[in-house]
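The values are calculated or read from the model by the stated rules, or taken from the named source; none is laboratory data. Computed from a prediction, not measured in an experiment: that's the story for all the values here. So basically every Cβ, Gly included, is an ideal-geometry build from the backbone, and we count neighbours across all protein chains shown. SASA here: full protein model, heavy atoms, side chains in, ligands and nucleic acids out. Shrake-Rupley method; radii C 1.70, N 1.55, O 1.52, S 1.80 Å.
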Amino acid sequence: MSDQTGRTIRDFVLSRFPGVELDDDVDIFTLGFVNSLFAMELVMFLEKEFGLRIPNEEMSLDNFRTVSAMSALVGRLRTPDAASVGEA
Amino acid sequence: MSTAAPPGTAGARAFVDTELIPHADAFDRDEAIPEWLLGSVAEHGWWGAVRTGSMVEFAALHEEIGRGCSSLRSLLTVHSMALYAVDRWGADALRERWLEPLTAGTALGAFCLTESAAGSDFTAVEASARPAPGGGWLLDGHKKWVTGGERAEVFLVFARTGRGVSAFLVEAGAPGVSRTPVRGLLGTRAALTAEVRFEGARLPAAALLGAEGMGTAIATGVLDIGRHSVAAGSTGIIAAALEGSVRHAAGRRQGGALLGEHQLIQRLITRMAVDLRAARALCRDAGALKDAGDPATLMATCAAKYFASTAAMRAATDAVQIHGAVGCSDGHPANRLFRDAKIMEIIEGSSQIQEILIAQHALTAAGAGRPRTPEGGAS
Ligand SMILES: Cc1cc2nc3c(=O)[nH]c(=O)nc-3n(C[C@H](O)[C@H](O)[C@H](O)COP(=O)(O)OP(=O)(O)OC[C@H]3O[C@@H](n4cnc5c(N)ncnc54)[C@H](O)[C@@H]3O)c2cc1C
(Lines give C-alpha, C1' and ligand atoms only; values in the text may rest on other atoms or scores of the structure.)
Protein backbone atom coordinates (compact mmCIF):
# COMPACT_ATOMS: atom_id res chain seq x y z
CA MET A 1 0.00 0.00 0.00
CA SER A 2 2.61 2.58 1.02
CA ASP A 3 4.93 1.05 -1.59
CA GLN A 4 2.28 1.85 -4.13
CA THR A 5 1.96 5.41 -2.79
CA GLY A 6 5.70 5.89 -3.12
CA ARG A 7 5.69 4.52 -6.64
CA THR A 8 2.87 6.84 -7.70
CA ILE A 9 4.70 9.86 -6.29
CA ARG A 10 8.01 8.81 -7.83
CA ASP A 11 6.33 8.35 -11.22
CA PHE A 12 4.91 11.85 -11.05
CA VAL A 13 8.27 13.43 -10.21
CA LEU A 14 9.96 11.39 -12.93
CA SER A 15 7.31 12.31 -15.48
CA ARG A 16 8.23 15.92 -14.93
CA PHE A 17 11.97 15.33 -14.70
CA PRO A 18 12.76 12.31 -16.83
CA GLY A 19 16.17 10.76 -16.51
CA VAL A 20 16.80 11.96 -12.98
CA GLU A 21 18.04 9.35 -10.52
CA LEU A 22 15.53 9.43 -7.74
CA ASP A 23 15.69 7.18 -4.76
CA ASP A 24 13.06 7.56 -2.10
CA ASP A 25 15.29 9.41 0.34
CA VAL A 26 16.90 11.84 -2.07
CA ASP A 27 16.21 15.45 -1.09
CA ILE A 28 14.45 16.78 -4.19
CA PHE A 29 15.07 20.37 -3.15
CA THR A 30 18.84 19.92 -3.17
CA LEU A 31 18.86 18.53 -6.70
CA GLY A 32 18.51 22.05 -8.01
CA PHE A 33 15.53 21.46 -10.24
CA VAL A 34 12.71 22.57 -8.06
CA ASN A 35 11.13 26.00 -8.46
CA SER A 36 8.10 27.25 -6.61
CA LEU A 37 5.76 26.30 -9.46
CA PHE A 38 6.93 22.70 -9.19
CA ALA A 39 6.48 22.75 -5.41
CA MET A 40 2.89 23.88 -6.00
CA GLU A 41 2.43 21.16 -8.63
CA LEU A 42 3.51 18.61 -6.02
CA VAL A 43 0.90 19.89 -3.58
CA MET A 44 -1.84 19.79 -6.22
CA PHE A 45 -0.73 16.36 -7.40
CA LEU A 46 -0.87 14.84 -3.90
CA GLU A 47 -4.26 16.43 -3.20
CA LYS A 48 -5.79 15.23 -6.45
CA GLU A 49 -4.16 11.83 -6.70
CA PHE A 50 -4.89 10.80 -3.11
CA GLY A 51 -8.10 12.78 -2.63
CA LEU A 52 -6.87 14.90 0.26
CA ARG A 53 -6.55 18.46 1.33
CA ILE A 54 -3.15 19.26 2.85
CA PRO A 55 -3.81 21.44 5.90
CA ASN A 56 -1.70 24.49 6.77
CA GLU A 57 0.16 22.75 9.55
CA GLU A 58 1.43 20.12 7.11
CA MET A 59 2.56 22.64 4.48
CA SER A 60 6.17 22.50 5.57
CA LEU A 61 8.89 22.03 2.97
CA ASP A 62 10.19 19.04 4.92
CA ASN A 63 7.01 17.13 4.06
CA PHE A 64 7.80 17.46 0.34
CA ARG A 65 11.56 16.96 0.43
CA THR A 66 11.67 13.27 -0.43
CA VAL A 67 9.41 10.62 -1.89
CA SER A 68 9.44 8.96 1.55
CA ALA A 69 8.37 12.17 3.29
CA MET A 70 5.52 12.66 0.83
CA SER A 71 4.41 9.03 1.26
CA ALA A 72 4.43 9.51 5.03
CA LEU A 73 2.40 12.71 4.66
CA VAL A 74 -0.18 10.92 2.53
CA GLY A 75 -0.30 8.11 5.10
CA ARG A 76 -0.93 10.56 7.94
CA LEU A 77 -3.62 12.47 6.12
CA ARG A 78 -5.39 9.30 5.12
CA THR A 79 -6.07 8.25 8.69
CA PRO A 80 -9.69 9.27 9.45
CA ASP A 81 -8.85 11.89 12.11
CA ALA A 82 -6.31 13.71 10.04
CA ALA A 83 -8.45 13.54 6.92
CA SER A 84 -11.25 15.42 8.59
CA VAL A 85 -8.83 18.16 9.64
CA GLY A 86 -7.65 18.32 6.05
CA GLU A 87 -11.12 18.87 4.73
CA ALA A 88 -12.08 21.50 7.29
CA MET B 1 -18.88 37.18 -35.62
CA SER B 2 -15.97 35.86 -33.66
CA THR B 3 -16.42 38.34 -30.82
CA ALA B 4 -19.44 36.36 -29.59
CA ALA B 5 -19.50 36.16 -25.82
CA PRO B 6 -18.06 33.15 -24.06
CA PRO B 7 -20.84 30.93 -22.69
CA GLY B 8 -22.34 31.69 -19.29
CA THR B 9 -21.72 35.40 -19.43
CA ALA B 10 -24.89 36.75 -20.98
CA GLY B 11 -25.57 38.99 -17.96
CA ALA B 12 -22.03 40.24 -17.90
CA ARG B 13 -22.06 40.98 -21.60
CA ALA B 14 -25.09 43.24 -21.38
CA PHE B 15 -23.64 44.95 -18.30
CA VAL B 16 -20.33 45.57 -20.06
CA ASP B 17 -22.05 46.98 -23.14
CA THR B 18 -24.34 49.33 -21.27
CA GLU B 19 -22.64 50.15 -17.95
CA LEU B 20 -18.96 49.81 -18.64
CA ILE B 21 -17.94 50.58 -22.22
CA PRO B 22 -19.77 53.93 -22.40
CA HIS B 23 -17.86 55.17 -19.32
CA ALA B 24 -14.49 53.42 -19.54
CA ASP B 25 -12.70 56.35 -21.18
CA ALA B 26 -14.04 58.72 -18.53
CA PHE B 27 -12.82 56.40 -15.75
CA ASP B 28 -9.43 56.36 -17.45
CA ARG B 29 -9.38 60.16 -17.70
CA ASP B 30 -10.52 60.61 -14.08
CA GLU B 31 -8.13 57.89 -12.89
CA ALA B 32 -10.77 56.26 -10.74
CA ILE B 33 -13.43 53.56 -10.87
CA PRO B 34 -16.42 55.20 -9.17
CA GLU B 35 -18.15 53.75 -6.13
CA TRP B 36 -21.41 53.13 -8.01
CA LEU B 37 -19.62 50.74 -10.30
CA LEU B 38 -17.96 48.85 -7.45
CA GLY B 39 -21.46 48.53 -5.99
CA SER B 40 -22.96 47.23 -9.24
CA VAL B 41 -20.28 44.56 -9.44
CA ALA B 42 -21.20 43.56 -5.88
CA GLU B 43 -24.91 43.42 -6.76
CA HIS B 44 -24.08 40.97 -9.53
CA GLY B 45 -22.06 38.84 -7.10
CA TRP B 46 -18.94 39.08 -9.25
CA TRP B 47 -16.42 39.94 -6.54
CA GLY B 48 -16.74 36.42 -5.17
CA ALA B 49 -16.51 34.54 -8.47
CA VAL B 50 -13.19 32.92 -7.59
CA ARG B 51 -14.89 30.81 -4.94
CA THR B 52 -18.53 30.73 -5.97
CA GLY B 53 -18.27 29.32 -9.48
CA SER B 54 -16.01 27.29 -11.72
CA MET B 55 -12.71 28.69 -12.93
CA VAL B 56 -13.91 28.38 -16.51
CA GLU B 57 -16.75 30.75 -15.61
CA PHE B 58 -14.33 32.97 -13.66
CA ALA B 59 -12.23 33.42 -16.81
CA ALA B 60 -15.30 34.03 -18.97
CA LEU B 61 -16.43 36.76 -16.56
CA HIS B 62 -12.99 38.37 -16.40
CA GLU B 63 -12.78 38.29 -20.19
CA GLU B 64 -16.06 40.17 -20.44
CA ILE B 65 -15.07 42.76 -17.83
CA GLY B 66 -11.69 43.10 -19.56
CA ARG B 67 -13.47 43.77 -22.84
CA GLY B 68 -15.01 46.80 -21.19
CA CYS B 69 -12.43 48.15 -18.78
CA SER B 70 -9.06 46.73 -17.77
CA SER B 71 -8.94 48.93 -14.68
CA LEU B 72 -12.06 47.31 -13.24
CA ARG B 73 -10.79 43.90 -14.28
CA SER B 74 -7.51 44.62 -12.47
CA LEU B 75 -9.44 45.41 -9.29
CA LEU B 76 -11.25 42.09 -9.67
CA THR B 77 -7.91 40.35 -10.21
CA VAL B 78 -6.22 41.48 -7.01
CA HIS B 79 -9.42 41.13 -5.00
CA SER B 80 -9.78 37.54 -6.21
CA MET B 81 -6.19 36.82 -5.19
CA ALA B 82 -6.76 38.10 -1.66
CA LEU B 83 -10.08 36.25 -1.36
CA TYR B 84 -8.55 33.03 -2.65
CA ALA B 85 -5.73 33.28 -0.08
CA VAL B 86 -8.15 33.81 2.82
CA ASP B 87 -10.30 30.93 1.65
CA ARG B 88 -7.43 28.54 1.07
CA TRP B 89 -5.00 29.42 3.85
CA GLY B 90 -6.83 31.58 6.40
CA ALA B 91 -7.20 30.43 9.99
CA ASP B 92 -10.79 30.05 11.23
CA ALA B 93 -10.90 33.49 12.90
CA LEU B 94 -9.71 35.17 9.72
CA ARG B 95 -12.14 33.26 7.53
CA GLU B 96 -15.02 34.11 9.83
CA ARG B 97 -14.15 37.79 9.74
CA TRP B 98 -13.39 38.26 6.03
CA LEU B 99 -14.72 35.47 3.86
CA GLU B 100 -18.25 36.74 3.65
CA PRO B 101 -17.57 40.46 3.10
CA LEU B 102 -14.89 39.70 0.52
CA THR B 103 -17.16 37.27 -1.31
CA ALA B 104 -19.99 39.81 -1.32
CA GLY B 105 -17.66 42.66 -2.24
CA THR B 106 -18.68 44.74 0.75
CA ALA B 107 -14.96 44.70 1.55
CA LEU B 108 -12.28 44.79 -1.14
CA GLY B 109 -8.87 43.14 -1.09
CA ALA B 110 -5.54 44.05 -2.69
CA PHE B 111 -2.21 42.33 -3.19
CA CYS B 112 1.06 43.72 -1.78
CA LEU B 113 4.11 41.88 -3.01
CA THR B 114 6.23 44.28 -5.10
CA GLU B 115 8.81 46.59 -3.51
CA SER B 116 11.52 48.84 -4.96
CA ALA B 117 14.06 46.01 -4.88
CA ALA B 118 11.64 43.11 -5.29
CA GLY B 119 9.92 42.98 -8.69
CA SER B 120 10.16 39.91 -10.89
CA ASP B 121 12.29 38.31 -8.19
CA PHE B 122 9.80 38.58 -5.39
CA THR B 123 11.93 36.46 -3.06
CA ALA B 124 13.93 39.67 -2.48
CA VAL B 125 11.17 41.26 -0.37
CA GLU B 126 12.52 43.37 2.47
CA ALA B 127 9.27 44.05 4.32
CA SER B 128 9.50 42.23 7.61
CA ALA B 129 7.28 41.09 10.44
CA ARG B 130 8.47 40.24 13.93
CA PRO B 131 6.56 38.69 16.81
CA ALA B 132 4.91 41.40 18.91
CA PRO B 133 5.23 41.35 22.67
CA GLY B 134 2.07 39.72 23.99
CA GLY B 135 1.25 37.95 20.69
CA GLY B 136 0.66 38.79 17.06
CA TRP B 137 3.08 40.55 14.75
CA LEU B 138 4.64 43.95 14.05
CA LEU B 139 4.91 44.68 10.33
CA ASP B 140 7.24 47.12 8.59
CA GLY B 141 7.63 47.61 4.87
CA HIS B 142 6.94 49.71 1.79
CA LYS B 143 4.94 48.13 -1.02
CA LYS B 144 4.70 49.68 -4.46
CA TRP B 145 2.21 49.52 -7.34
CA VAL B 146 -0.62 48.10 -5.28
CA THR B 147 -3.61 47.85 -7.62
CA GLY B 148 -6.72 48.86 -5.68
CA GLY B 149 -4.45 49.97 -2.83
CA GLU B 150 -6.20 53.29 -2.57
CA ARG B 151 -9.54 51.67 -1.88
CA ALA B 152 -9.08 48.19 -0.41
CA GLU B 153 -10.14 47.27 3.11
CA VAL B 154 -7.57 44.47 3.38
CA PHE B 155 -4.13 43.82 1.97
CA LEU B 156 -2.54 40.46 1.28
CA VAL B 157 1.03 41.29 2.32
CA PHE B 158 4.24 39.33 1.91
CA ALA B 159 6.98 39.96 4.46
CA ARG B 160 10.07 38.30 5.80
CA THR B 161 9.81 36.56 9.18
CA GLY B 162 12.20 34.31 11.12
CA ARG B 163 11.34 31.38 8.85
CA GLY B 164 11.48 32.95 5.40
CA VAL B 165 8.76 34.84 3.58
CA SER B 166 5.32 34.73 5.18
CA ALA B 167 1.89 36.01 4.06
CA PHE B 168 -0.44 38.15 6.15
CA LEU B 169 -3.88 39.67 5.75
CA VAL B 170 -3.65 43.25 6.99
CA GLU B 171 -6.51 45.66 7.61
CA ALA B 172 -6.01 48.91 5.75
CA GLY B 173 -7.39 50.87 8.70
CA ALA B 174 -4.95 49.44 11.25
CA PRO B 175 -2.63 51.92 13.01
CA GLY B 176 0.71 52.08 11.22
CA VAL B 177 -0.78 51.48 7.74
CA SER B 178 -0.82 54.36 5.26
CA ARG B 179 -1.32 54.67 1.52
CA THR B 180 -0.47 57.19 -1.18
CA PRO B 181 -2.29 57.13 -4.52
CA VAL B 182 -0.16 56.66 -7.64
CA ARG B 183 -1.27 58.92 -10.50
CA GLY B 184 -0.35 59.19 -14.15
CA LEU B 185 0.31 55.51 -14.84
CA LEU B 186 0.59 54.47 -18.49
CA GLY B 187 -2.35 52.07 -18.30
CA THR B 188 -5.05 50.71 -16.00
CA ARG B 189 -5.13 54.28 -14.79
CA ALA B 190 -8.48 53.92 -13.03
CA ALA B 191 -7.40 50.95 -10.92
CA LEU B 192 -6.87 53.04 -7.77
CA THR B 193 -3.22 52.04 -7.51
CA ALA B 194 -1.30 53.14 -4.43
CA GLU B 195 1.92 52.78 -2.50
CA VAL B 196 1.30 51.23 0.87
CA ARG B 197 3.50 51.67 3.94
CA PHE B 198 3.52 49.59 7.08
CA GLU B 199 5.25 51.21 10.04
CA GLY B 200 5.14 49.02 13.09
CA ALA B 201 1.63 47.94 12.12
CA ARG B 202 0.35 45.56 14.76
CA LEU B 203 -1.34 42.41 13.46
CA PRO B 204 -3.24 39.78 15.41
CA ALA B 205 -1.84 36.23 15.38
CA ALA B 206 -4.68 35.18 13.06
CA ALA B 207 -3.42 37.58 10.37
CA LEU B 208 -0.83 34.99 9.37
CA LEU B 209 -1.94 32.98 6.33
CA GLY B 210 -0.91 29.34 6.21
CA ALA B 211 2.13 28.50 8.28
CA GLU B 212 5.03 30.84 8.95
CA GLY B 213 7.49 30.68 6.05
CA MET B 214 4.83 29.54 3.55
CA GLY B 215 4.80 32.90 1.78
CA THR B 216 6.47 31.77 -1.43
CA ALA B 217 4.00 28.91 -1.84
CA ILE B 218 1.08 31.24 -1.15
CA ALA B 219 2.44 33.81 -3.60
CA THR B 220 2.76 31.08 -6.22
CA GLY B 221 -0.81 29.97 -5.58
CA VAL B 222 -2.35 33.43 -5.74
CA LEU B 223 -0.25 34.45 -8.74
CA ASP B 224 -1.72 31.47 -10.56
CA ILE B 225 -5.17 32.92 -9.91
CA GLY B 226 -3.97 36.40 -10.89
CA ARG B 227 -2.46 35.11 -14.11
CA HIS B 228 -5.66 33.35 -15.00
CA SER B 229 -7.54 36.60 -14.53
CA VAL B 230 -5.02 38.64 -16.52
CA ALA B 231 -5.03 36.05 -19.32
CA ALA B 232 -8.81 36.33 -19.48
CA GLY B 233 -8.75 40.13 -19.22
CA SER B 234 -6.20 40.27 -22.03
CA THR B 235 -8.52 38.11 -24.12
CA GLY B 236 -11.14 40.76 -23.45
CA ILE B 237 -8.75 43.43 -24.75
CA ILE B 238 -8.38 41.46 -27.99
CA ALA B 239 -12.17 41.22 -28.28
CA ALA B 240 -12.52 44.98 -27.74
CA ALA B 241 -9.77 45.74 -30.26
CA LEU B 242 -11.47 43.52 -32.81
CA GLU B 243 -14.93 44.99 -32.23
CA GLY B 244 -13.70 48.55 -32.56
CA SER B 245 -11.52 47.80 -35.57
CA VAL B 246 -14.25 46.02 -37.47
CA ARG B 247 -16.72 48.81 -36.80
CA HIS B 248 -14.27 51.42 -37.98
CA ALA B 249 -13.13 49.44 -41.02
CA ALA B 250 -16.73 48.88 -42.07
CA GLY B 251 -17.53 52.59 -41.95
CA ARG B 252 -14.55 54.54 -43.26
CA ARG B 253 -13.61 54.87 -46.93
CA GLN B 254 -10.11 55.57 -48.15
CA GLY B 255 -8.58 54.96 -51.59
CA GLY B 256 -12.00 54.38 -53.12
CA ALA B 257 -12.99 51.52 -50.84
CA LEU B 258 -13.97 50.80 -47.27
CA LEU B 259 -10.93 50.15 -45.08
CA GLY B 260 -12.30 46.67 -44.49
CA GLU B 261 -12.11 45.99 -48.21
CA HIS B 262 -8.35 46.54 -48.29
CA GLN B 263 -6.55 43.25 -47.92
CA LEU B 264 -3.81 44.68 -45.73
CA ILE B 265 -6.45 45.75 -43.22
CA GLN B 266 -8.12 42.35 -43.54
CA ARG B 267 -4.86 40.75 -42.51
CA LEU B 268 -4.77 42.80 -39.28
CA ILE B 269 -8.38 41.88 -38.57
CA THR B 270 -7.67 38.22 -39.30
CA ARG B 271 -4.85 38.16 -36.75
CA MET B 272 -7.10 39.64 -34.09
CA ALA B 273 -9.94 37.25 -34.82
CA VAL B 274 -7.69 34.20 -34.68
CA ASP B 275 -5.80 35.40 -31.60
CA LEU B 276 -9.13 35.93 -29.84
CA ARG B 277 -10.15 32.32 -30.45
CA ALA B 278 -6.74 31.01 -29.44
CA ALA B 279 -6.51 33.10 -26.26
CA ARG B 280 -10.00 32.10 -25.24
CA ALA B 281 -9.22 28.44 -25.85
CA LEU B 282 -6.07 28.66 -23.71
CA CYS B 283 -7.98 30.32 -20.86
CA ARG B 284 -10.67 27.69 -21.05
CA ASP B 285 -8.04 24.93 -20.99
CA ALA B 286 -6.33 26.41 -17.92
CA GLY B 287 -9.69 26.90 -16.20
CA ALA B 288 -10.87 23.35 -16.89
CA LEU B 289 -7.61 21.97 -15.47
CA LYS B 290 -8.08 24.13 -12.36
CA ASP B 291 -11.62 22.89 -11.96
CA ALA B 292 -10.28 19.33 -12.11
CA GLY B 293 -7.56 20.09 -9.53
CA ASP B 294 -4.97 19.05 -12.11
CA PRO B 295 -1.42 20.33 -11.42
CA ALA B 296 -0.97 20.88 -15.16
CA THR B 297 -3.10 24.00 -14.71
CA LEU B 298 -0.09 25.95 -13.43
CA MET B 299 1.80 25.70 -16.70
CA ALA B 300 -1.39 26.00 -18.76
CA THR B 301 -2.08 29.29 -16.99
CA CYS B 302 1.42 30.61 -17.70
CA ALA B 303 0.89 29.73 -21.36
CA ALA B 304 -2.53 31.40 -21.44
CA LYS B 305 -1.20 34.54 -19.75
CA TYR B 306 1.82 34.72 -22.03
CA PHE B 307 -0.15 34.23 -25.21
CA ALA B 308 -3.14 36.38 -24.33
CA SER B 309 -1.13 39.34 -23.03
CA THR B 310 1.25 39.45 -25.99
CA ALA B 311 -1.65 38.95 -28.41
CA ALA B 312 -3.56 41.76 -26.65
CA MET B 313 -0.61 44.09 -27.21
CA ARG B 314 -0.54 43.09 -30.89
CA ALA B 315 -4.28 43.54 -31.25
CA ALA B 316 -4.32 46.92 -29.50
CA THR B 317 -1.39 48.13 -31.63
CA ASP B 318 -3.23 47.06 -34.77
CA ALA B 319 -6.46 48.65 -33.55
CA VAL B 320 -4.67 51.99 -33.25
CA GLN B 321 -3.18 51.41 -36.71
CA ILE B 322 -6.58 50.75 -38.26
CA HIS B 323 -8.05 53.85 -36.64
CA GLY B 324 -5.18 56.07 -37.73
CA ALA B 325 -5.05 59.52 -36.12
CA VAL B 326 -8.45 59.08 -34.51
CA GLY B 327 -7.12 56.12 -32.53
CA CYS B 328 -4.23 58.23 -31.27
CA SER B 329 -6.47 60.90 -29.84
CA ASP B 330 -7.12 61.51 -26.19
CA GLY B 331 -10.19 59.68 -24.92
CA HIS B 332 -10.42 57.22 -27.83
CA PRO B 333 -10.92 53.57 -26.77
CA ALA B 334 -8.10 52.34 -29.04
CA ASN B 335 -5.74 54.71 -27.24
CA ARG B 336 -6.81 53.27 -23.87
CA LEU B 337 -6.62 49.64 -25.03
CA PHE B 338 -3.10 50.25 -26.33
CA ARG B 339 -1.92 51.62 -22.97
CA ASP B 340 -3.76 48.99 -20.91
CA ALA B 341 -2.42 46.13 -23.05
CA LYS B 342 1.17 47.08 -22.26
CA ILE B 343 0.50 46.66 -18.55
CA MET B 344 -0.64 43.06 -19.16
CA GLU B 345 2.82 42.16 -20.45
CA ILE B 346 4.39 43.36 -17.19
CA ILE B 347 2.10 42.30 -14.33
CA GLU B 348 1.59 38.81 -12.85
CA GLY B 349 4.96 37.70 -14.15
CA SER B 350 6.24 39.66 -17.15
CA SER B 351 6.49 38.09 -20.59
CA GLN B 352 10.16 37.36 -19.93
CA ILE B 353 9.36 35.57 -16.67
CA GLN B 354 6.71 33.48 -18.47
CA GLU B 355 9.27 32.65 -21.18
CA ILE B 356 11.69 31.43 -18.52
CA LEU B 357 9.05 29.32 -16.77
CA ILE B 358 7.56 27.85 -19.95
CA ALA B 359 10.91 27.10 -21.57
CA GLN B 360 12.30 25.52 -18.41
CA HIS B 361 9.24 23.34 -18.16
CA ALA B 362 9.63 22.23 -21.77
CA LEU B 363 13.36 21.61 -21.32
CA THR B 364 13.05 19.60 -18.13
CA ALA B 365 10.13 17.61 -19.53
CA ALA B 366 12.48 16.54 -22.31
CA GLY B 367 15.13 15.64 -19.75
CA ALA B 368 17.27 18.42 -21.15
CA GLY B 369 17.62 21.01 -18.47
CA ARG B 370 17.16 21.93 -14.87
CA PRO B 371 15.38 25.09 -13.85
CA ARG B 372 17.09 27.45 -11.51
CA THR B 373 14.69 29.32 -9.30
CA PRO B 374 13.02 32.16 -11.17
CA GLU B 375 10.07 33.55 -9.38
CA GLY B 376 6.76 34.41 -10.83
CA GLY B 377 6.53 38.19 -10.66
CA ALA B 378 3.79 40.00 -8.90
CA SER B 379 0.61 41.64 -9.99
C1 LIG C 1 -0.10 49.00 -13.42
C2 LIG C 1 0.61 48.08 -12.51
C3 LIG C 1 -0.06 47.47 -11.48
C4 LIG C 1 0.60 46.66 -10.57
N5 LIG C 1 -0.09 46.10 -9.52
C6 LIG C 1 0.58 45.39 -8.58
C7 LIG C 1 -0.10 44.89 -7.42
O8 LIG C 1 -1.32 45.03 -7.27
N9 LIG C 1 0.63 44.25 -6.47
C10 LIG C 1 1.98 44.06 -6.59
O11 LIG C 1 2.58 43.47 -5.70
N12 LIG C 1 2.64 44.51 -7.69
C13 LIG C 1 1.98 45.17 -8.68
N14 LIG C 1 2.64 45.64 -9.79
C15 LIG C 1 4.08 45.42 -9.92
C16 LIG C 1 4.40 44.33 -10.93
O17 LIG C 1 4.11 43.09 -10.41
C18 LIG C 1 5.88 44.43 -11.27
O19 LIG C 1 6.01 45.58 -12.06
C20 LIG C 1 6.38 43.21 -12.01
O21 LIG C 1 6.47 42.10 -11.16
C22 LIG C 1 7.76 43.45 -12.62
O23 LIG C 1 8.63 43.93 -11.65
P24 LIG C 1 9.43 45.28 -11.91
O25 LIG C 1 8.49 46.32 -12.38
O26 LIG C 1 10.22 45.56 -10.68
O27 LIG C 1 10.39 44.97 -13.10
P28 LIG C 1 11.77 44.16 -13.06
O29 LIG C 1 11.61 42.90 -12.32
O30 LIG C 1 12.85 45.09 -12.66
O31 LIG C 1 11.91 43.82 -14.60
C32 LIG C 1 12.28 44.79 -15.59
C33 LIG C 1 12.41 44.07 -16.91
O34 LIG C 1 13.38 43.05 -16.82
C35 LIG C 1 12.83 41.80 -17.15
N36 LIG C 1 13.39 40.76 -16.27
C37 LIG C 1 13.34 40.68 -14.92
N38 LIG C 1 13.93 39.56 -14.49
C39 LIG C 1 14.38 38.92 -15.59
C40 LIG C 1 15.07 37.69 -15.80
N41 LIG C 1 15.39 36.89 -14.78
N42 LIG C 1 15.36 37.35 -17.07
C43 LIG C 1 15.02 38.14 -18.11
N44 LIG C 1 14.35 39.30 -17.98
C45 LIG C 1 14.04 39.68 -16.73
C46 LIG C 1 11.34 41.94 -16.93
O47 LIG C 1 10.61 41.07 -17.75
C48 LIG C 1 11.11 43.37 -17.34
O49 LIG C 1 10.97 43.44 -18.74
C50 LIG C 1 1.98 46.43 -10.73
C51 LIG C 1 2.66 47.01 -11.80
C52 LIG C 1 2.00 47.82 -12.69
C53 LIG C 1 2.76 48.44 -13.82
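Against chain B, whose longest principal axis is taken from its Cα atoms, helix B:55-68 shows a tilt of about 60°. Expressed to the nearest 5 percent, the antiparallel share of DSSP beta bridges inside chain B is 85 percent.
The simple Förster model, with R0 at 41 Å and r as the Cβ-Cβ distance, assigns residue B:257 and residue B:186 a FRET efficiency of 0.70.
Give me the accessible area buried between chains A and B, both sides summed, with a 1.4 Å probe, in Å² rounded to the nearest 100. Summing both chains' loss of accessible area gives about 2200 Å². Treating r as the C-beta distance of residue B:330 and residue B:124 and R0 as 45 Å, the FRET efficiency rounds to 0.75.
Working note: Karplus 6.51/-1.76/1.60 with θ = phi - 60° gives the range B:100-109 the couplings 5, x, 6, 5, 6, x, 7, 10, 10, x Hz, where Gly and Pro are set to x. Going by the alpha-carbon gyration tensor, a ≥ b ≥ c the square roots of its eigenvalues, is the range A:3-79 rounded (a/c under 1.5) or, if a/c is not under 1.5, prolate (a/b greater than b/c) versus oblate? Prolate, because a/c is 1.5 or more and a/b exceeds b/c. The C-alpha atoms of chain B define a longest principal axis, and helix B:215-249 lies at about 20 degrees to it. From the Cα gyration tensor of the range B:216-365, with a ≥ b ≥ c the square roots of its eigenvalues, which class applies: rounded if a/c is under 1.5, or else prolate if a/b is larger than b/c, or else oblate? Here the range B:216-365 falls in the prolate category. Each residue of the range B:15-20 is assigned a 3J(HN,Hα), and the resulting list reads 4, 5, 5, 9, 9, 9 Hz, derived from the Karplus form 6.51 cos²θ - 1.76 cosθ + 1.60 (θ = phi - 60°), x at Gly and Pro. For the protein assembly as shown, the solvent-accessible area with a 1.4 angstrom probe is 40 square angstrom per residue. Rounded, prolate or oblate: which fits the range B:10-104, taking a ≥ b ≥ c as square roots of the Cα gyration tensor eigenvalues, rounded meaning a/c under 1.5, else prolate when a/b beats b/c? Prolate, because a/c is 1.5 or more and a/b exceeds b/c.
Per-atom-type breakdown for the range B:10-104 gives carbon and sulfur 50% of the accessible area (1.4 Å probe, protein chains only).
Working value for chain B: equivalent-ellipsoid semi-axes of 36, 22, 18 Å, each the square root of 5 times a Cα gyration tensor eigenvalue, largest first. Between beta-carbons, use under 13 Å as the cut-off and find the net charge around residue B:41, counting Lys and Arg +1, Asp and Glu -1. Neighbour charge sum, excluding residue B:41 itself: -2. Shown is the FRET efficiency for residue B:366 and residue A:62, computed with R0 = 22 Å from the Cβ-Cβ distance and rounded to the nearest 0.05: 0.15. Residue B:328 contributes about 90 Å² of solvent-accessible surface, heavy atoms of the protein only, 1.4 Å probe.
Net charge in the neighbourhood of residue B:16 (other residues with Cβ under 12 Å of its Cβ; Lys, Arg +1, Asp, Glu -1) is -2.
All other residues whose Cβ lies under 10 angstrom from that of residue B:166 are scored, Lys and Arg at +1 and Asp and Glu at -1, for a net of +1. Per-residue shielding of B:357-363, expressed as the average number of other chain Cβ atoms within 10 Å of the residue Cβ, stands at 2. The stretch between residue B:44 and residue B:92 holds 14.6 nm of extra length on full extension. This uses 0.36 nm per residue minus the Cα-Cα distance. Shielding of peptide A:13-25 by partners, expressed as the average count of other chain Cβ atoms within 10 Å per residue Cβ, is 2. Averaging the Cα positions of each part gives two centres, and for the range B:322-338 and the range B:146-193 these lie 31 Å apart. Based solely on its DSSP helices, what 222 nm [θ] is calculated for chain B when runs of n ≥ 4 H residues each add -39,500 (n - 2.57) and the sum is averaged over all residues, nearest 500 deg cm²/dmol? It comes out at -17000 deg cm²/dmol, rounded to the nearest 500. Around the amide H of residue B:165, modelled in the peptide plane, lie the amide H atoms of B:215, B:216, all under 5 Å away and 5 or more residues distant in sequence or on another chain.
Considering every Cα-Cα pair within the range B:109-214, what fraction, in whole percent, is farther apart than 20 Å? Everything past 20 Å amounts to 33 percent. Amide H contacts of residue B:121: none lie under 5 Å away among residues 5 or more positions distant or on a separate chain (H built 1.01 Å from N in the peptide plane; Pro and chain starts excluded).
Expressed as a whole percent, the accessible surface of the range B:216-365 that belongs to carbon and sulfur atoms is 60, based on a 1.4 Å probe.
Rounded to the nearest 10 degrees, the angle from helix B:70-89 to the longest Cα principal axis of chain B is 30 degrees.
Note on residue A:21 and residue B:54: the model spin-label points, each 7 Å out from Cα along the C-beta direction, lie 4.6 nm apart.
When peptides B:124-135, B:225-236, B:36-47, B:289-300 are sorted by average Cβ neighbour count within 10 Å, with the highest value leading, the order is B:225-236, B:289-300, B:36-47, B:124-135.
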